[in-house]
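The values are calculated or read from the model by the stated rules, or taken from the named source; none is laboratory data. Values in this document were obtained by computation on a predicted structure and should not be read as measured data. Using ideal geometry, Cβ is built from the backbone for each residue, glycine included, and neighbour counts are taken over all protein chains shown. Accessible surface areas use protein heavy atoms only, side chains included; no ligands, DNA or RNA. Shrake-Rupley method; radii C 1.70, N 1.55, O 1.52, S 1.80 Å.
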Amino acid sequence: MIVLGFNHGGVGDAETPFGHDAGAALVIGGKVVAAAEEERFARVKHTSRFPAGAITYCLETAGIGLEQVDCFCFPWNPELDRQNVARADIELSLIFNRHSLRSLVHAELFDGFRAHFGFTVPEQRRRRVPHHLAHAASTFFCSPFEQAAYLVVDAYGEMVSTSYGRGRDTHLEPMEHTLLPTSIGVLYADVTRLLGFHSREDEYKVMGLAAHGSPERFRELFRCQWRPTSTGVEQVSDERSRAAVLELTRYRRLPRTPVTAEHQDIAAALQECLEEQMLHLARVVREQTGERHLCLAGGVALNSTANGKLARSGLFEGLFIQPAANDAGTPLGAALFEAHRHSGRRKGSFSAYLGPAFPESRIDAACERRKAELVVTRPEDLLSETVRRLARGQILGWYQGRMEFGPRALGNRSILADPRKAGMKDRINHVVKHRESFRPFAPAVLAEHASEYFAMGPVAESPFMLMTVPVNPERRGSLEATVHLDGTARVQTVSAEQNPLFWRLLQRFHEETGVPALLNTSFNVNGEPIVCTPEDAIESFLSTELDALVLGDRLIERRALSLEDLLPLRPRLQEGVRLRTSLTAPGEGVVWRNTVVSRRHFQAELQEDAAALLLACDGTKTVAALLEELASGGEERSQVAASLSALLERFLRLRLICLE
């Protein structure tokens with residue numbers, strides 16, 4: 001049986017409040033063949049557009065067409081929407097407004113196949129899997145457990161914010177669920193916005209900020225808004241809780257304004273509130289199910305600090321969290337749910353490396369297109385050369401094999417650095433990632449050495465970088481660049497079975513330095529998705545101050561360009577770069593202003609000669625022709641050549657133009 005799961009937030013390319021983290025997953029004969037988020041193809045973070053790119057990738061991986069798919073699964077059931085909205089006691093009109101829009105969109109969930117592929121999905125092949133069941137299936141059916149409890153915690157889906165039950169073999173047994181307005185996911189998102197960040201995209205920033213504050217000052221403002229029950233938690237709505245909300249709004253922070261001590265303390269109290277609720281829910285699930293193992297899913301399951309405390313609580317002997325625990329994983333869950341309804345047994349082990357890999361010819365072509373800017377070599381011993389560079393303080397892009405599924409880079413689309421150097425964190429934040437200084441980086445460690453460096457607790461592995469655990473005090477000096485302010489780290493354990501090449505790199509680094517770990521962060525710049533294609537990797541490398549890029553078996557560095565190198569090349573504006581010309585009237589006169597704007601949210605004013613050069617770079621003229629054209633104005637050719645070289649070097653560094 002061939003099952004395609006897909007998730008999106010609207011019809012065609014529309015962006016709506018219906019959903020987020022669009023993507024697709026393909027399951028054949030009960031085995032996961034491919035899965036990916038649409039953002040990696042559309043190059044727009046958390047996009048909710050119809051996942052045409054992800055679907056195309058899944059089908060190409062299997063070598064099939066849409067007409068061969070037996071079942072198309074969407075992880076949301078409109079009938080449950082209608083039932084639950086009548087039962088939920090919701091005061092916020094915003095929720096009703098969003099729900100009304102969602103009800104309209106539901107009728108057209110499958111229309112994207114016709115719009116993008118010219119294919120109409122037959123009604124008998126359409127399935128609408130309940131959202132929380134899709135989450136539950138995504139974790140239990142990917143787990144190593146034949147029998148386990150599951151717990152799903154997110155903002156909401158079909159008005160449900162929390163659910164739990166059991167998984168056994170190929171079946172899920174739902175037991176209990178909680179409806180809005182009770183939702184720790186909604187609360188966390190609301191406070192994230194109050195702190196000046198973007199909800200859904202920036203919750204992890206609040207989690208990182210929490211370590212810098214103390215929960216004491218604002219603790220009761222959060223605790224008075226919920227109460228534990230024998231089956232879960234419930235929202236409190238009384239005079240005290242409403243006063244607490246008003247009190248919190250006094251500290252609203254505007255985006256891009258300074259983060260104060262009060263903001264840090266609010267983040268700390270919010271994080272503590274989430275952890276208390278998660279631990280209470282875990283205790284309830286343990287008591288209600290009697291199971292020894294727990295599978296976790298939902299957007300809240302990406303909160304690695306809470307996960308680490310749950311893992312070390314001793315409530316369960318085993319904990320599994322699927323790497324795409326957020327809505328990006330629901331297409332996988334929907335497909336697995338439907339596949340297992342028709343299957344007598346589960347098929348194979350789970351790997352996070354479900355995204356695309358690219359052939360040598362594609363990598364060669366990507367390097368060839370940018371050959372004027374790159375020096376490409378193939379070291380005889382790539383791992384030794386990589387370790388040598390890391391050990392002397394270089395920051396490297398590392399691009400190998402199939403892309404990871406989920407929001408974490410797990411050693412195939414990574415930026416790597418030496419974790420021993422205390423200043424490395426600030427350097428990467430400043431010159432590579434361009435992000436807030438309070439955000440930590442993660443260590444990737446050889447699985448067999450994890451317990452020497454980290455207090456892992458009963459759950460000895462964290463293969464998907466979804467648990468934050470204490471770093472053993474005597475080892476913190478070896479991991480300074482990855483240890484957070486509170487002495488913890490969001491660890492990734494790497495085994496030879498999970499990722500053989502990355503494991504060998506870590507092993508070589510251990511042999512060279514005595515430390516079995518590397519700083520591992522996602523290969524992207526702030527505001528962009530993790531790189532997907534070789535072209536993405538090269539573009540990101542040239543857009544940052546990475547020292548080198550390891551792309552497959554190639555070591556890539558920047559070429560120092562001379563004017564002679566540039567003469568035969570044709571410069572053109574990068575895609576998404578435009579020049580704006582406007583009039584301003586400072587004081588007495590009128591002045592033309594030239595501003596260059598790029599899709600990377602870069603904006604800068606240019607002098608008139610630089611603006612003229614940008615306009616002339618249309619991809620039809622060589623640098624030699626531009627030089628002759630500019631020199632015809634009477635200036636010395638050598639002077640024009642020097643100016644032209646300097647301007648081109650600047651534009652290349654800013655990624656405003658490319659050379660062909």
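Could you compute how much accessible surface Met207 exposes when probed at 1.4 Å, giving the result in Å² to the nearest 10? Rounded to the nearest 10, that gives 20 Å². Between the helical axis of 637-653 and the longest alpha-carbon principal axis of the chain there is an angle of about 10 degrees.
Once you have a ≥ b ≥ c as the square roots of the Cα gyration tensor eigenvalues for the range 229-361, tell me rounded if a/c is under 1.5, and otherwise prolate or oblate according to whether a/b is larger than b/c. Provide the component values of the computation, followed by the final result.
Working: a/c = 2.40, a/b = 1.47, b/c = 1.63.
The shape class here is oblate.
From the Kirkwood radius over Cα pairs of the chain, Stokes-Einstein at 37 °C and 0.692 mPa s returns a whole-number translational diffusion coefficient of 124 µm²/s.
Between Arg504 and Val245, the modelled labels are 5.7 nm apart [label points 7 Å from Cα along Cα→Cβ].
For Arg252 and Glu176, the FRET efficiency from 1/(1 + (r/R0)^6), where r spans their Cβ atoms and R0 equals 51 Å, is about 0.90.
Relative contact order, whole percent, for the chain stands at 13, derived from Cα pairs under 8 Å and 6 or more residues apart. Helix 360-369 and the longest principal axis of the Cα set of the chain meet at an angle near 40°. When the residues Thr192, Thr305 are ordered by accessible surface, computed with a 1.4 Å probe over the protein chains alone, the sequence from largest down reads Thr305, Thr192.
Potential lengthening of the chain between His430 and Gln607 amounts to 61.0 nm, from the contour at 0.36 nm per residue minus the alpha-carbon distance.
Our estimate of slack between Glu660 and Asp486, defined as 0.36 nm per intervening residue step minus the Cα-Cα distance, is 57.7 nm.
Relative contact order of the range 104-224: what whole-number percent is it, with Cα pairs under 8 angstrom and at least 6 residues apart? Intermediate values should be presented prior to the final figure.
Values: 124 pairs, mean separation 16.9, N = 121.
14 percent.
Each residue, Lys421 and Glu123, gets one label point 7 Å from its Cα in the Cβ direction; the gap between the two is 6.4 nm.
Within the chain, antiparallel bridges make up roughly 75 percent of the DSSP beta bridges whose residues both belong there. Relative to the longest principal axis of the Cα atoms of the chain, helix 382-391 runs at roughly 90 degrees.
What does the net charge come to around Thr386 if you take all other residues with beta carbon closer than 12 Å to its beta carbon, with K and R at +1 and D and E at -1? Mind showing how you got there, number by number?
Details: positive: Arg388, Arg389, Arg392, Arg504, Arg508, Arg554; negative: Asp381, Glu385, Asp418, Glu512, Asp547, Asp553.
Net of charged neighbours comes to 0.
With contacts taken as Cα pairs under 8 Å at a separation of at least 6 residues, the range 156-253 carries a relative contact order of 23 percent. Taking a straight line from the alpha carbon of Lys45, these lysines sit under 24 Å away, with near neighbours fewer than eight places off in the same chain left out: Lys205, Lys425, Lys433.
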